[in-house]
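Each value in this text was obtained by applying a stated rule to the coordinates, not by laboratory testing. Keep in mind the model is a prediction, meaning the values are calculated, not measured. Neighbour counts run over all protein chains shown; Cβ positions are idealised from the backbone, glycine included.
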Amino acid sequence: MTVHPPSRPTRSTWWVDLLVAGVGGAAITVSTSVATEPTSRSSSLAAYVFGVLLGGMLVVRRRWPTGVLVGSLLTVVVYNLTDFPSVSPIWPLLVPLYTVARAGRMVVAALVGGSMLLISIGWIAWSDLLPLDVLDGALRESVLLALVLALATANRNREMWTRELRVRLRMEQEQRDRELGRRLIEERLGIARELHDVTAHALAVVGIQAGLARELLHDDPDAAREALDAARRVNVEAIGELQAAVRVLRGGDEPPHAGLTPAPGVEQLPALVERTVDSGLPVELVETGVRRAVAPAVGLTLYRIVQESLTNVLRHSDATCATVELDYSARGVRVRVGDDGRGPASASGEGHGIVGMRERATSIGGSLSVGPGEHGGFVVEAWLPATAVSASPLPTI
């Protein structure tokens, strides 16, 4: 059993120790002063000294439990060696024995208590008492000692259990705090991905349409007007998504789902492809397998991967066409976005957009790979399960 060092006494424990010392010293003084033996002299003054010594040591019993027990034991032994009426060596040592046992020094308490019990039984047997009286005294002394040691053990176990419970509660609270911090980081990353995907796609399309309108402004005003209208629609849609995301983030300011639209998913892919085509990049959408319903988080992830891939094609690849392929199966959906451009803009091909797509895919139990195509260009391929594995609840925006 682990022995914990005695704790530093507080103001309340000092008052308790003073009270115990006063009551214990007074009880010892009274019982000793009224004790009589035919061959012993009166113990009035000695009883006061005896009580003051034992009571005084009880004041520091928490700080030096073993020292107080040994000092009390020596005091009782010395007193019984004098010509004053003898006292039982058990009950004056009950409080020191209890303190030592509660401090975790059960072996010391048991050895000292057992030794004093044997001395007390021998002292009772040596007296001119009947055998039944001797047995009665021995049983009372034994029961009293056992009760004190049992009470000390029970209180110590309760204190250890309480201490362990507090440690566990603190560890659980720390774990909850770490989990909350982790979830906050994940939420921040999710927000960053949403803002990146929405703004990057909108800016790319708007920039292309604005450039096209500028080139056609003098030669074909109607076509320029159509390009500007397309840029305006994309800009309005992007602003709407950003405003909806801000409403979700603000939370509590508006009724739940008030004026919110469903998050983008597989159903919105044709509109996304059409906007990309309007921006001047021919895109073919090919679906194989039987279209199956997927979880909202999976649908949003699929939409954002296609959106980011097409945005990269528009901004960096100088491609003349692109292909979006969806292959449905019972386990999930595989999406492949390829182009005939010049490949990734950077040497590694791992920009923030690709990192965000990979984080999206892995967060729901999927996977994503990127690299050059077999016949040139660049390919983004992802597999997503039909049901998100570890995605958090998806809000509507």
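Here are a few things to note about the model shown:
- Neighbourhood charge, 10 Å Cβ-Cβ cut-off, centred on residue 323 and excluding it, Lys, Arg +1 and Asp, Glu -1: -3
- Highest mean first, the peptides 300-312, 264-276, 281-293 sorted by other C-beta atoms within 10 Å per residue fall in the order 300-312, 264-276, 281-293.
- Estimated FRET transfer efficiency when R0 is 25 angstrom, pair residue 271-residue 185 (beta carbons, to 0.05): 0.15
- Between residue 290 and residue 30, the contour length at 0.36 nm per residue exceeds the alpha carbon distance by 83.8 nm.
- Efficiency of FRET from Cβ geometry, residue 15 and residue 139, R₀ 30 Å, rounded to 0.05: 0.25
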